[in-house]
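The values are calculated or read from the model by the stated rules, or taken from the named source; none is laboratory data. Computed from a prediction, not measured in an experiment: that's the story for all the values here. In this analysis, Cβ positions are derived from the backbone assuming ideal geometry, glycine residues included, and neighbour counts consider all displayed protein chains. When the accessible area is computed, the model is the full protein with side chains, heavy atoms only, and any ligands, DNA or RNA have been set aside. Shrake-Rupley method; radii C 1.70, N 1.55, O 1.52, S 1.80 Å.
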Amino acid sequence: MHLVGSREELIQLRNECKAAFKAETKKILVCGGTGCVAGGSLDIYARLQEILKSKHVPVEVELAEEPHEDVVGMKKSGCHGFCEMGPLVRIEPQGWLYTKVKLDDCEEIISKTILNGEFIERLGYKQNGELYKKQEEIPFYKKQTRVVLESCGHINAGSLREYLAVEGYTALEKCLFEMTPEEIIKEVSDSNLRGRGGGGFLTGKKWASCAKQKETPKYIVCNGDEGDPGAFMDRSVMEGDPHRLIEGMIIAGLAIGSQRGYIYVRAEYPLAVERLKMAIAQAEEYGFLGDNILGTGKAFHIHINRGAGAFVCGEGSALTASIEGKRGMPRVKPPRTVEHGLFDKPTNLNNVETYANVPMIINKGAAWYKSMGPENSPGTKAFALTGKIKNTGLIEVPMGTTLREVIFDIGGGMREGTKFKAVQIGGPSGGCLTEKDLDIPLDFDSLKKVGAMIGSGGLVVMDDKTCMVEVARFFMNFTQNESCGKCVPCREGTKRMLEILTRITEGKGQDGDIELLEELADTISNTALCGLGKTAASPVVSTIKNFRKEYEAHIYEKRCPAGECAKLKRYVIDAEKCKGCSKCARNCPVKAIDGVVKSPFVINQDKCIKCGACASNCPFGAIRQEV
């Protein structure tokens, strides 16, 4: 039994964990995040462990209760962040990072690196001809400031003892034994921490408002739904450092006077759910959760609720309705969630990243937190960097970092042969930023001025081969499918907008379509019931603003400048290059190519279905797509 019943016992346990952690002079940290797991990292983990045992090398999977020298620690860590290069394996104490590791590499990693201390160059990361051995020296990591993600990839994601070894639960200890609820709220308020899940509301202000409510019981709710396409920041925290989230939630409970918390997680995040369940069970076993936390008489319990993947349940009132077992639909506000939330009781709702910031703020103070980023948007922000960029993955940077630094320094710039065109920030609720916006600081206020928002932190980078009308149609299709249908502006307005955008991408656009889209966008934004509806048109508005000529080309010239819209593609045969071999005609599924052998062939545009089979089969490169 590991139940900790006092502060003294906690300090003793933490010291024991630190000693055991330090004794593991050699460690192999295999990325256990969803991306690397999909690439086979669990098989690599099992194989490395098997080889170590076959060579009679002492291995510890769980942190030992007593320190042991000359033991190799095998860790299944959380997401390392560099998803483009996975599966990833980190070697300690050198801090080496091996990229794109395969099962066949395991024997060499053990024999050369673990047993002989040699670096395997072919597994190291190379950029512009330079080899980087240490993880922190790789440009992708070097310009980051990892606060929330500091332990992801560095400890066993499923071990409470390792969390204690890296100062875990020291903030909870401080709150329990040294601070009043008012002092906790003041520290969070003084830090200017703003919610990391959407509009950036001041966290301390929300906590203070909830604490003032007289009605009981009160609830702590964590939004881990994260429905934005391309976003996986919260998932990575839940998978890689679940105890940090739990600690933040318990502290919030102490601050507002709540004894019960709920984590709402997408059912599509099975690994996050599994690790959260494991972490909650461990916290209960050790006495960090329950009816008598660390012998103080304070109580807090956490439950996990799995959502069915409805984007609208990222909205506060829809989320709480879903937890209650009702259909996830938003309600009219006021009253706000802090007054009448879950089970019609006062409820504090923040997202995963917001709660995960709290332990560091309590430990290091508001002044330390405000030393990073602008005064009104301090701290760091995690972003999911995806799209047509060299280095995709999970990053964390100080607020105020520019898009240029994120895309070209950390992300490595565009893939070969392409040019930066735009970035969609904030998911379906956000906006589209272009080359003129590359030096805009990434903070709540700066982005709001240009009609965009940070949202949960998704960054989808697009190149010059991306059709912006199709991007708008994609996000509108997503939003329309995810509309709960409760209010007419969102239910019917998004449907009309989607119909117009679909027509435009199919070459059936009409004069006045752009103006009609703008009119619909204005109406929906001003009259929709919840945040989903009010921001549903943002991608359309921002793409019209920045790429109006692309819309006009689709409507008036019946062409897609990016060459992406299938029904606007036009394949032509270059008569000078065509040898008259007839291979294109023989491979056309609809017999749309006419001609005679040894003479140039011609494509019948009325019959052509734009499949591209002719171009891919032409041995002379005589067929091209016109834009």
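Some points to look at:
- Long-range neighbours under 9 Å by Cβ, at least six apart or interchain, first residue touching a residue at least 24 places away in the same chain (Cβ under 8 Å) and polar (S, T, N, Q) within region 319-334, second surrounded by 21 or more Cβ atoms within 10 Å (Cβ to Cβ) and part of a helix (DSSP H, G or I): THR320/LEU342; SER322/CYS313
- Residues in region 215-267 that are among the polar types (S, T, N, Q) and more than 21 Å from GLY457 (Cα to Cα) were compared, and the one that is least open to solvent (accessible area, probe 1.4 Å) is SER258.
Matching residues to (1) outside any strand (DSSP E or B); (2) loosely packed, with under 15 Cβ neighbours inside 10 Å; (3) in contact with a helix residue (DSSP H, G or I) (Cβ under 6 Å, 6 or more places away or on another chain); (4) in contact (Cβ under 8 Å) with a residue 12 or more places away in the chain:
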position	(1), (2), (3), (4)
PRO589	yes, yes, no, yes
VAL597	yes, yes, no, yes
GLN605	yes, yes, no, yes
CYS608	yes, no, no, yes
CYS611	yes, no, no, yes
SER616	yes, yes, no, no
PHE620	yes, yes, no, yes
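- Residue within region 23-36 that is over 25 Å from LEU271 (Cα atoms), out of contact with any Phe, Trp or Tyr (no Cβ under 8 Å at 6 or more places or on another chain) and in a helix (DSSP H, G or I) present: yes
- Lone unmet requirement of (1) open to solvent by 10 Å² or more (accessible area, probe 1.4 Å); (2) in contact (Cβ under 8 Å) with a residue 24 or more places away in the chain; (3) more than 14 Å from PRO441 (Cα to Cα); (4) out of contact with any Asp or Glu (no Cβ under 9 Å at 6 or more places or on another chain) for PRO398: (3)
- Verdict on LYS436 being part of a strand (DSSP E or B) and either open to solvent by 10 Å² or more (accessible area, probe 1.4 Å) or small (Gly, Ala, Ser) (or both): no
- Residue within region 462-469 that is at pLDDT below 90, buried (at least 22 other Cβ atoms within 10 Å of the Cβ) and in contact with a strand residue (DSSP E or B) (Cβ under 8 Å, 6 or more places away or on another chain) present: no
- Some residue of region 304-320 being at pLDDT 95 or above and assigned to a loop (DSSP other than H, G, I, E, B): no
- Taking the listed residues ARG496, ARG491, ARG473, the one that is of a type in the set (Lys, Arg), free of Cβ contacts under 8 Å to residues at least 24 places away in the same chain and farther than 20 Å from ILE389 by Cα is ARG491, with no other qualifying.
- Residues of region 448-461 satisfying the condition of being touching a Gly at 6+ places or on another chain (Cβ under 7 Å), surrounded by 20 or more Cβ atoms within 10 Å (Cβ to Cβ) and at positive phi: GLY455
- Helices (runs of 4 or more DSSP H) (entirely within region 477-581) containing at least 1 residues that are surrounded by 15 or more Cβ atoms within 10 Å (Cβ to Cβ) and touching a Phe, Trp or Tyr at 6+ places or on another chain (Cβ under 6 Å): 513-527, 538-556
- Within region 546-585, if we keep just the residues that are basic (Lys, Arg) and out of contact with any strand residue (DSSP E or B) (no Cβ under 8 Å at 6 or more places or on another chain), the residue that is farthest from GLU518 (Cα to Cα) turns out to be LYS579.
- Matching residues, region 186-214, being hydroxyl-bearing (Ser, Thr, Tyr) and either open to solvent by less than 10 Å² (accessible area, probe 1.4 Å) or modelled with pLDDT under 95 (or both): SER191, THR203
Per-residue answers, yes or no, for (1) surrounded by fewer than 24 Cβ atoms within 10 Å (Cβ to Cβ); (2) farther than 20 Å from TYR355 by Cβ:
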| site | (1), (2) |
| --- | --- |
| LYS134 | yes, yes |
| PRO139 | yes, yes |
| VAL148 | no, no |
| ARG161 | yes, yes |
| VAL166 | yes, no |
| THR170 | yes, no |
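- Residue within region 372-393 that is open to solvent by less than 20 Å² (accessible area, probe 1.4 Å) and part of a helix (DSSP H, G or I) present: no
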